[in-house]
Amino acid sequence: MDEIELRIPERIVDSLPPESEDTKQDIGEAVAGWERELNAALTAADEEDGASAIVDMIERFEDRWEKYDEFIVELRAWGQSPIYAMAWRDLHGAVLQQIHEHDDLADRINRERHARIFNDGIRPGSGSG
């Protein structure tokens, strides 16, 4: 499978205030690190281990997306600007979309997620009785 090359959507960078160079740099470094981690998982010798690592990353991105979304509401409630939380939330959403659109990765992700649901659902003594 080809390596993934993550992009930072311009609309996210453009949404930041002009004095946000440090944040822009942090975003670039974060995306580069995520890309390295994803590509290491994509090239793993064991396809199941690679898929598992990618799903772990996806779950972290989803958790962070939700947390940033909650921060936006809290910041607004306190009369603060949520622009940075919105940028990070939107970045996590954009990365998730790029992961799912990459080659046949969506199929591998779905298989791994279904396997986890199946494995989590089977517990000794979990039936009614």
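For residue 82, are the conditions met, namely being modelled with pLDDT of 95 or more and more than 18 Å from residue 5 (Cβ to Cβ)? Give the derivation first.
Numbers: modelled with pLDDT of 95 or more: yes; more than 18 Å from residue 5 (Cβ to Cβ): yes.
Against the criterion (modelled with pLDDT of 95 or more and more than 18 Å from residue 5 (Cβ to Cβ)), residue 82 qualifies.
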Checking the structure you have, find out if any residue of region 38-57 is hydroxyl-bearing (Ser, Thr, Tyr) and assigned to a helix (DSSP H, G or I). yes
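Going by the conditions given, is residue 112 on the phi < 0 side of the Ramachandran plot, open to solvent by 20 Å² or more (accessible area, probe 1.4 Å), part of a helix (DSSP H, G or I) and free of Cβ contacts under 8 Å to residues at least 60 places away in the same chain? Full working, then the answer.
On the way: on the phi < 0 side of the Ramachandran plot: yes; open to solvent by 20 Å² or more (accessible area, probe 1.4 Å): yes; part of a helix (DSSP H, G or I): yes; free of Cβ contacts under 8 Å to residues at least 60 places away in the same chain: no.
Spelling it out, it is not the case that residue 112 is on the phi < 0 side of the Ramachandran plot, open to solvent by 20 Å² or more (accessible area, probe 1.4 Å), part of a helix (DSSP H, G or I) and free of Cβ contacts under 8 Å to residues at least 60 places away in the same chain.
Being under 28 Å from residue 3 (Cβ atoms), open to solvent by 80 Å² or more (accessible area, probe 1.4 Å), in a helix (DSSP H, G or I) and out of contact with any Pro (no Cβ under 6 Å at 6 or more places or on another chain): is that true of residue 60 here? Walk me through it before giving the result.
Working: under 28 Å from residue 3 (Cβ atoms): yes; open to solvent by 80 Å² or more (accessible area, probe 1.4 Å): yes; in a helix (DSSP H, G or I): yes; out of contact with any Pro (no Cβ under 6 Å at 6 or more places or on another chain): yes.
Judged against the criteria, residue 60 is a match.
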Restricting attention to region 1-28, which residues are over 17 Å from residue 93 (Cβ atoms), more than 15 Å from the chain's Cα centre (by Cα) and of a type in the set (Asp, Glu)? 2, 3, 19, 21, 22, 26
Please determine, by comparing only the residues of region 1-37 that are out of contact with any helix residue (DSSP H, G or I) (no Cβ under 9 Å at 6 or more places or on another chain) and not in a helix (DSSP H, G or I), which one is most open to solvent (accessible area, probe 1.4 Å). 19
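So that you can scan it fast, the table gives a plain yes or no per residue for (1) crowded, with 17+ Cβ neighbours inside 10 Å; (2) more than 16 Å from residue 34 (Cα to Cα); (3) free of Cβ contacts under 8 Å to residues at least 12 places away in the same chain:
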{"site": "55", "(1), (2), (3)": "yes, no, no"}
{"site": "68", "(1), (2), (3)": "yes, yes, no"}
{"site": "73", "(1), (2), (3)": "no, yes, yes"}
{"site": "77", "(1), (2), (3)": "no, yes, yes"}
{"site": "89", "(1), (2), (3)": "yes, no, no"}
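The values are calculated or read from the model by the stated rules, or taken from the named source; none is laboratory data. None of the values given here were measured: they were computed from a predicted structure. Neighbour counts are summed over all protein chains in view; Cβ atoms, including those assigned to glycine, are modelled from backbone coordinates with ideal geometry. Only protein heavy atoms, including side chains, enter the accessible area calculation; ligands, DNA and RNA are left aside. Shrake-Rupley method; radii C 1.70, N 1.55, O 1.52, S 1.80 Å.
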